[in-house]
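One structure is given below, encoded as structure tokens.
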Amino acid sequence: QVQLVESGGGLVQPGGSLRLSCAASVSIFSINAMSWYRQAPGKQRESVATVTNGGSTGYVDSVKGRFTISRDNAKNLVYLQMNTLKPEDTAVYYCSAYRLGVRSWGQGTQVTVSS
């Protein structure tokens, strides 16, 4: 199991930006893929963005062009830069690591987009 701790959530107005951070307890070089998921009230958890240990990235269509996933290998951190936020982005955001066939989850951080 990989321990993951998210930070950076909060309340932001529509059109604003936030950057989420995820700190991993192991070297992220050893993690096959790091992802951000989100879950809005009454909805299923969905994958938002993924970065592999080879550097490939992928995004759900609804955030393409607005969100960017990146990582700092030296600090074992993964980020999710969220720009042009919309009310429909409101959710609890979870960091996830897939390593050696096991998926681990952080505790989640709330993002609320509202005027």
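The values are calculated or read from the model by the stated rules, or taken from the named source; none is laboratory data. Everything numeric in this text was worked out from a predicted model, so none of it was measured. Ideal geometry is used to build each Cβ from the backbone, glycine not excepted, and the neighbour counts take in all protein chains shown. Ligands, DNA and RNA are stripped out before the accessible areas are found, and what is left, the full protein with its side chains, is counted by its heavy atoms. Shrake-Rupley method; radii C 1.70, N 1.55, O 1.52, S 1.80 Å.
Tabulated results
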item	result
Residues of the range 80-103 classified as open to solvent by less than 20 Å² (accessible area, probe 1.4 Å) and over 14 Å from Thr50 (Cβ atoms), total	4
Subset of the range 104-115 (residues that are open to solvent by 30 Å² or more (accessible area, probe 1.4 Å) and either within 17 Å of Val2 (Cα to Cα) or not hydroxyl-bearing (Ser, Thr, Tyr) (or both))	Trp105, Gln107, Gln110
Scan of the range 1-17 for residues that are over 24 Å from Ser56 (Cβ atoms) and among the aliphatic types (A, V, I, L, M), ordered by number	Val5, Leu11, Val12
Residues that are charged (D, E, K, R), without any contact (Cβ under 8 Å) to a residue 24 or more places away in the chain and either closer than 19 Å to Val2 by Cα or loosely packed, with under 13 Cβ neighbours inside 10 Å (or both), drawn from the range 47-74	Asp61, Lys64, Asp72
Residues of the range 1-31 that turn out to be modelled with pLDDT under 95 and touching a Ser or Thr at 6+ places or on another chain (Cβ under 7 Å), as a count	2
Where a residue in the range 98-114 is on the phi > 0 side of the Ramachandran plot and its partner, wherever it lies, is of a type in the set (Val, Ile, Thr), with Cβ under 7 Å and at least six apart	Gly108/Val92
All positions within the range 33-45 that are over 11 Å from the mean Cα position of the chain (by Cα) and surrounded by 13 or more Cβ atoms within 10 Å (Cβ to Cβ)	Ala33, Gln39, Ala40, Arg45
